[in-house]
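Enquirer: Before I ask anything, let me first share the structure, which is written out below as structure tokens.
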Amino acid sequence: MKRLSLILITAGAILMLFPIAREYYYDWEQQQLLNEMEDSSLPINNELTNKHVATEYEQLSSIFNGSAEESSPDQTSITDMNDKAIAVITIDKIDLKLAVLEGATLKNMKVGAAHMTETAPLGEIGNAAIAAHRARTKGRQFNRLNEMEVGDDISIRTKDSTLIYTVDKISVVKPTDLSVLEGNNKDAILTLITCEPLVNPTHRLIVHAKMVK
């Protein structure tokens, strides 16, 4: 009986600690990606394809339906993902500093923000979209994106330059609203995308910003 009790207690402790350990795991992966960007050793892949924007945008729904904290850690090594990291997004207003990976996939969005490959390259004329989970832990990923206001600055640092965008529009839209990815053929636009509300999301929170330098 004592041995059985010990086994049950141990199993219970493991179950309680697993979510915490998983969160530390994701935080560690995010920090590794940020460190790689600090070393300026990551290649930049800004290839733009215009044929499948709608499909890529729709795929976000299945990704957003699962919380970043509820997903199991991906076993792909950091080395395998480093070739997709293209930038670091920093928003002082919400104390955010997050690696941006190339491609809005489930794997990438477990550990960072993701540039939607089918949208414009960062810093170029067009609409560059970056999506991230709105993690339930305060301060992680785009959890505090709802605190953004028109006039706030967003910094995107790539290997070669630092881009500054200023927020000019914030909205909540249905997941089928593709208009949020439209450009105007004259401005370099940045669109941040996450789920809304935080729990059981039905819509998307959109932050639009224009590059000022």
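Enquirer: Would you be able to tell me the number of residues in the stretch 154-178 that are more than 15 Å from Ile189 (Cβ to Cβ), surrounded by 14 or more Cβ atoms within 10 Å (Cβ to Cβ) and out of contact with any Leu (no Cβ under 8 Å at 6 or more places or on another chain)?
Expert: Step one: list which residues in the stretch 154-178 are more than 15 Å from Ile189 (Cβ to Cβ), which gives 155, 157-162, 172-177.
If we keep only those that are surrounded by 14 or more Cβ atoms within 10 Å (Cβ to Cβ) as well, we get 155, 157-159, 173, 175, 177.
Those still in the list that are out of contact with any Leu (no Cβ under 8 Å at 6 or more places or on another chain) too: 173, 177.
So the answer is 2.
Enquirer: Of the numbered conditions (1) out of contact with any strand residue (DSSP E or B) (no Cβ under 8 Å at 6 or more places or on another chain); (2) acidic (Asp, Glu); (3) over 21 Å from Leu122 (Cα atoms), Asp160 satisfies every one except a single condition; which is it?
Expert: (3)
Enquirer: Testing Tyr165 on (1) of a type in the set (Ser, Thr, Tyr); (2) within 16 Å of the chain's Cα centre (by Cα); (3) in a strand (DSSP E or B), one condition comes back false. Which one is that?
Expert: Only one criterion in (1) of a type in the set (Ser, Thr, Tyr); (2) within 16 Å of the chain's Cα centre (by Cα); (3) in a strand (DSSP E or B) is unmet by Tyr165, namely (2).
Enquirer: Filter the stretch 109-153 for residues that are in a loop (DSSP other than H, G, I, E, B) and basic (Lys, Arg); which is surrounded by the fewest Cβ atoms within 10 Å (Cβ to Cβ)? Step through it out loud before you land on a result.
Expert: Initial filter on the stretch 109-153 (in a loop (DSSP other than H, G, I, E, B)): 112, 116-125, 132-144, 148-152.
Remaining after also requiring basic (Lys, Arg): 134, 136, 138, 140, 144.
Numbers: Arg134: 24, Arg136: 14, Lys138: 8, Arg140: 20, Arg144: 17.
Taking the candidates together, the pick is Lys138.
Enquirer: How many of the residues making up the stretch 169-194 are part of a loop (DSSP other than H, G, I, E, B) and not β-branched (Val, Ile, Thr)?
Expert: Here the count works out to 9.
Enquirer: Which condition number does Val199 fail, the rest of (1) closer than 19 Å to Phe64 by Cα; (2) within 16 Å of the chain's Cα centre (by Cα); (3) not basic (Lys, Arg) being met?
Expert: Evaluating Val199 over (1) closer than 19 Å to Phe64 by Cα; (2) within 16 Å of the chain's Cα centre (by Cα); (3) not basic (Lys, Arg) leaves (2) as the failure.
Enquirer: For the stretch 195-213, what are the residues that are closer than 15 Å to Ile91 by Cβ and either in contact with a His (Cβ under 7 Å, 6 or more places away or on another chain) or outside any strand (DSSP E or B) (or both)?
Expert: Correct list: Val212 only.
Every number here is computed from the coordinates shown, using simple stated rules; none is lab data. Small disclaimer: the values here were computed from a predicted structure and weren't measured. Because the Cβ atoms are built from the backbone with ideal geometry, glycine has one as well, and the counts that use them run over all protein chains shown.
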